[in-house]
Amino acid sequence: MYIGELAKRAGATPKAIRLYEAMGLLGRVARLGAYRVYNDKHVTQMRLIKQAQAMGFKLAEVAPSVGGQRTEPDWTAMAALVERRRDDIAREILRLQALDAQLQEVNIEIRACAEIA
């Protein structure tokens, strides 16, 4: 399939596809003359990349797991990447909960001051 069909099937723009290819995220792409020829593996890779981006991953984080001359993504590396992100989120949740508790205390103090005045 050509780039237009890949774009349609993967929900991406041709510009994004060219960028991912330039970054090595799609592995080796065959050519037929001047045209790039993609296959179903590229559709899968594109969808995986887009899903990772939607979850907040940067292309540079995803590149080692899906790029290069791989025939399949490195699922073990992807799983480790997701676990690290989940750990980051868990720490952020704890930080936000502590911040919320502090804000609640400040709000109580402010309301007490408002009642005095």
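Derivation of every value follows stated rules applied to the coordinates shown; laboratory data play no part. Here the structure is a predicted model, which means the values were calculated and not measured. Heads up, the Cβs are rebuilt from the backbone with ideal geometry, glycines too, and the neighbour counts pull from every protein chain shown.
What to note about this one:
- Length gained on full extension, residue 82 to residue 19, computed as 0.36 nm times the residue gap minus the Cα-Cα distance: 20.4 nm.
- When the helices of the chain are scored as -39500 (n - 2.57) per DSSP H run of n ≥ 4 and the total is divided over every residue, the value at 222 nm lands at -23500 deg cm²/dmol.
- Considering only 12, 98, 60, the mean-square fluctuation computed in a Gaussian network model of the chain, springs between alpha carbons under 10 angstrom, is largest for 98.
- For the chain: relative contact order, % (alpha-carbon pairs under 8 angstrom, 6 or more apart): 21
- For the range 54-61, putting each phi into the Karplus relation 6.51 cos²θ - 1.76 cosθ + 1.60 with θ = phi - 60° gives couplings of 5, 8, x, 7, 8, 4, 5, 6 Hz, in residue order, rounded to whole numbers and with x for Gly and Pro.
- Efficiency of FRET between residue 5 and residue 61 - r from beta-carbon atoms, R0 30 angstrom, step 0.05: 0.60
- Paired Rg and Dmax values of the chain, which use every Cα atom, in angstrom: 22.6, 82
- Fully extending the segment from residue 106 to residue 75, taken as 0.36 nm per residue of separation minus the present Cα-Cα distance, adds 6.5 nm.
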